[in-house]
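Peer 1: Dumping the structure here so I can ask a few things about it.
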Amino acid sequence: MLKNIATDQLFTNPSQSGIIAFVSTPNSETLEREQDKLWVKDSELIRRLGVPEKQAREAIRMLERMTGFPKKQKLWGDRRYWPAVKLFMDRQYGGRHSA
């Protein structure tokens, strides 16, 4: 069931709600195909971290002010280099990492 927040109407059929697009969870084939991507947008970063979006976006804003957190790269479409993000998290929060 969807709710159109502009009108407070409830819809059981998404096509009736007036919503043009909504976020869904990628299917397993898509996740498998995309797991090896090196450059990720923040939405993919958040999905990989497994944290609720609102909480993750606030944390990313804080991390961006820290030295060492990978910056978005214009050359790569404002994406972050995933291996560097993972290494940062491992170092910051005590995970394993290779030298």
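Peer 1: Can you tell me which of 57, 80, 65 is among the basic types (Lys, Arg) and at pLDDT below 95?
Peer 2: Selected residue: 65, the only one of 57, 80, 65 that is among the basic types (Lys, Arg) and at pLDDT below 95.
Peer 1: Go through the stretch 49-65 and count every residue that is touching a helix residue (DSSP H, G or I) at 6+ places or on another chain (Cβ under 8 Å), farther than 14 Å from residue 88 by Cα and part of a helix (DSSP H, G or I).
Peer 2: 3
The values are calculated or read from the model by the stated rules, or taken from the named source; none is laboratory data. As the structure is a computational prediction, the values presented were derived from the model and not from experiment. Counting neighbours? That spans all protein chains shown, and the Cβs are built from the backbone with ideal geometry, glycine included.
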